Amino acid sequence: MAIQKAAVLGAGVMGSGIAAHIANAGIPVVLLDIVPKGANNRNAIAEGAVAKLAKTDPAPLMSAAKARLITTGNLEDHLDLLKDCDLIIEAVLEDPAIKQALYARVESVRKDGSIVSSNTSTIPLEILTAGLPDRFAQDFLITHFFNPPRYMRLLEIVSGAKTRPDAVSLVEDFCDRQLGKGVVHCKDRPGFIANRIGTFWITSAVNAAMDLGLTVEEADAVMGRPFGIPKTGVFGLIDLVGLDLMPHVSASLRRTLPKTDAYQAIYREPPLFARMIEEGFTGRKGKGGFYRINREAGKRKEAIDLATGQYRPQLSADLDSAKAKHPGQVFAATDKGGEYGRRSIGATLLYAASLVPEIAETITAVDEGMRLGYNWEYGPFELLDRIGVDAFIKHCAATGLEVPPLLRAAAGRSFYRVENGRQEYLTVAGDYAPVERAAGVVELEDIKRAAKPLAKNSSASLWDLGDGVACFEIHSRANALDPDILTLLQQSLGIVAKDFKGLVIYSAASNFSVGANIGLALFAANVGLWPMIEGMVSMGQATMKAMKYAKFPVVAAPAGMALGGGCEICLHADAIQAHAELYMGLVEVGVGLLHGWGGHKELLLRLQQPRKGVPNGPMPALMTAFETISTAKVSRSAEEARENGFLRPTDGISMNRDRLLADAKAKALALAVNYQAPVPPKFRLPGATAAAAFVLAVNDLQRQGKASAHDGVVAAAVGRVLSGGDTDLVDEIEEDKLLELERQGFMSLIRTPKTLARIEQMLETGKPLRN
């Protein structure tokens, strides 16, 4: 059995988000909600929720076209739509009575073998299924998504004593491979893993900040980067999810947790928070929260004073502990930030250590839950290793804290270790076991623990993935492309040609590549090293061509941002296997430059291929390429990258980031069978006719105030490359001609003061300059 159609019951923020993400996977989904009182349109809630999907930012849908896969209706008239659904997800109010009444109605119409799950975040499964028939209980489990469902990778699964094992396996595989989730199995305990520990962490961090008199800025700065936690810290995180959500989560936990649980002891109801909720200061979705933008004061950034409850201008966090680069440095710090870290994170780590095996069988499940559910870089037990287990136990002894058995068992050791090239974790029995990956997952870190690189420099490395496939890994700062990367890539092409069947280009970092290192270009321009700059452009072009025409297949495996030169690498590969969350674009016009490594011709080649709904002929492809490049269009997903022409119809998309490298390797092996390098293309381009049309289009934008004077200069350079320069449709030109035009345009633009000003501002602020 496979999940070919699904349903979501409840069209609130979570329910509609889950439905959208199922549609992202290409699965038809039914979305039902209640009939509004007195409404003429009985489907108004579900239909309104789908309409909001197109306006929500960040976008729940990976492509606007995916909305067509969502069928809307209501829970009174359309329950019969569930009859052919393989998976039915309930996402209604967190009230057991309401959920159970709905389950009874679902049970009356669902087909044999269909699976029903709840998206509850706090209610134990045994409460949800109490009194329901065995037929229902056997097909029921909890699938707890995190908000927003498209972007948050954690999916907690809880099964009951009666749940069919094959139902659990089917849902796990569906959520893993098709929805791209990191699936973590939890025990049937209140809050499961992430919310149980996460709510404790937020509460203890808020309490400690108020007790120690920290500002919200100081608390978030200490809590953020030093511990590998997102820069929102705690107060910024509450603003993000909504302060008004916290009382509901806390009430459910306090109702279902034992009175002896440590959370019960630390829970507080700060009067300030109650007042903020009452007055609508619930965070980003309200009038503001702990932080806000005061538009009446010229968009001034403000933060709330925890002592007075009044807003004031944001302050800097001038604490040594806030500047720490390692959690151990915070724990050793003597300022109030150090005490804050010891009280908040210290209490959280102690709590997590006390909950294994109550909430999960292994520490790996707990670490995975917090990494994926709260975007922590390190899970609680990984943090304990970074602080030092013995140092933490010493801290507990000094402050009179009881050390739980699992933490005592780690004394003199660590929770994780590498043995014979394999990572192992400490079990609850006190011995070590290998960290297991899901079937079919290839992690580059595992390969790196067990082997040495085939070639390496400070910016990139070449690894043997096995089965005749090599992996070129980019690992420079921000994965910016520099001469070292190009040099090693050229060297790697020779190694692969001799000993391997194919090559995958990949990075385990958040972003594949943010583009070329423009700081090097700015430095060279400021001292007049024009031959050096032109040499870098020529080197990039030669490397891209060598990769494109290698005698073996090259597969690019981008995830996150693939911008500028990073995009150009992908465009020159034989195939792309992209992660679904791909933000790809040729963006160099933002810093007043052209793409110098063949991006123009490669995008044009893709757009010239016959596409559904696009007229044939030279100008449609040229105009689309011109618009895409001159406006620095960036896709908001891999699906959108395909729509923009960056991905071919034959390129693949991996929903799960953990499976990207394995999928790319498989694609390289498939292409290696009877592989032949591509034939160099010939172009027929309109020349001056098209260039003039491009200039007219830009002039119109300038008259509307949508383009600056220098935008026009840069766009004209883009147009000259795409039009083929001094040519005509009757002439046939080779790609080297377009590469020459790119070099000329690049070198002309980088000599202009306005382009240098754009580069300088981008490096200093990360924001484009419109001059």
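What the Cα atoms of region 649-768 give is an Rg and a Dmax of 20.1, 54 Å. Taking 0.36 nm per residue of sequence separation and removing the Cα-Cα distance, the D335/D305 pair yields an extension gain of 8.8 nm. Net charge around R42, counting only other residues with Cβ within less than 9 Å of its Cβ (Lys, Arg = +1; Asp, Glu = -1)? Net charge in that neighbourhood comes out at -2.
The distance from the alpha carbon centre of region 720-771 to that of region 150-193 is 50 Å, rounded to a whole number. Peptides 695-702, 717-724, 258-265 ranked from most to least packed, by the mean per-residue count of other Cβ atoms within 10 Å: 717-724, 695-702, 258-265. Across region 80-89, coupling constants 3J(HN,Hα) worked out from phi with the 6.51/-1.76/1.60 Karplus curve, θ = phi - 60°, read 5, 5, 7, 4, 10, 8, 8, 9, 10, 9 Hz, and Gly and Pro carry x. Could you work out how far the C-alpha centroid of region 99-142 sits from that of region 270-345, in angstrom? Distance between centres, Cα-based: 42 Å.
Between E643 and A439, residue separation times 0.36 nm minus the direct Cα-Cα distance comes to 70.3 nm.
With the cut-off at 20 Å, tell me which of the pairs K181/K448; K231/K325; K287/K336; K287/K706; K498/K601 have Cα atoms farther apart than that. Violating the 20 Å Cα-Cα cut-off are K181/K448; K287/K336; K287/K706; K498/K601.
Shape descriptor for region 373-447: Rg over Rh equals 1.02 (Cα atoms; Rh from the Kirkwood inverse mean 1/r). When DSSP beta bridges are restricted to pairs lying wholly in the chain, around 40% turn out antiparallel. Summarising the label geometry, the points placed 7 Å from Cα in the beta-carbon direction at K325 and R422 lie 3.4 nm from one another. Summarising the amide proton neighbourhood of T282: residues at separation of 5 or more, or on other chains, whose placed amide H is nearer than 5 Å comprise K287, G288.
Leaving out ligands, DNA and RNA, what percent of the accessible area of the chain is carbon and sulfur, probe 1.4 Å? Answer for the chain is 53 percent, counting heavy atoms of protein chains only. Using a 7 Å offset from Cα along Cα-Cβ at E627, what residues in region 690-706 end up with backbone N under 16 Å from the label point? Under cut-off, by backbone N: 693-702. Only helical runs count toward this figure. For the chain, summing -39,500 (n - 2.57) over DSSP H runs of n ≥ 4 and dividing by all residues gives -13000 deg cm²/dmol at 222 nm.
For region 718-771, the solvent-accessible area works out to 52 Å² per residue, with a probe of 1.4 Å and every protein chain left in place.
DSSP beta bridges fully contained in region 512-640 are about 10 percent antiparallel. Taking a point 7 Å out from the Cα of L315 in the direction of its Cβ, the residues of region 203-238 whose backbone N falls within less than 15 Å of it are 209-222.
Applying 1/(1 + (r/R0)^6) with R0 = 30 Å to the Cβ-Cβ distance of N41 and L132 gives a FRET efficiency near 0.40.
For region 685-749, applying the loop criterion from DSSP together with a ceiling of 11 other beta carbons within 10 Å to the GluC sites (Glu not before Pro) yields E732.
Does region 299-441 classify as rounded, prolate or oblate by the C-alpha gyration tensor (a ≥ b ≥ c root eigenvalues; a/c under 1.5 gives rounded; else a/b over b/c gives prolate, otherwise oblate)? The shape class here is prolate.
Considering only alpha-carbon pairs that sit under 8 angstrom and 6 or more positions apart, the relative contact order computed for region 106-223 is 22 percent.
Positive-end ranking of I653, L729, S708 along the dipole of region 635-729, with charges on Cβ about the Cα centre, is headed by I653. Relative contact order for region 359-500: 13 percent, from Cα pairs under 8 Å spaced at least 6 residues apart, divided by residue count. Structure shown: which of K37/K83; K501/K667; K633/K767; K52/K767; K5/K66 lie over 18 Å apart, alpha-carbon to alpha-carbon? Exceeds cut-off: K37/K83; K52/K767.
When peptides 360-366, 675-681 are sorted by average Cβ neighbour count within 10 Å, with the highest value leading, the order is 360-366, 675-681.
Taking amide hydrogens as placed 1.01 Å from N in the peptide plane, the amide H of A578 sits under 5 Å from those of G652, I653, S654, each at least 5 positions away in sequence or on another chain. For the chain, the relative contact order comes to 8 percent (Cα pairs under 8 Å, sequence separation of at least 6). Between the Cα long axis of helix 96-107 and the first principal axis of the chain there is an angle of about 70°, rounded to the nearest 10. In terms of overall dimensions, the C-alpha atoms belonging to the chain reach 82, 64, 62 Å along their principal axes, ordered largest to smallest.
Region 632-666 and region 492-560 have Cα centres separated by 19 Å.
The values are calculated or read from the model by the stated rules, or taken from the named source; none is laboratory data. A quick note: this is a predicted structure, and the numbers were derived from the prediction, not measured. Neighbour counts are summed over all protein chains in view; Cβ atoms, including those assigned to glycine, are modelled from backbone coordinates with ideal geometry. What goes into the accessible areas is simple: the full protein's heavy atoms, side chains included, and nothing from ligands, DNA or RNA. Shrake-Rupley method; radii C 1.70, N 1.55, O 1.52, S 1.80 Å.
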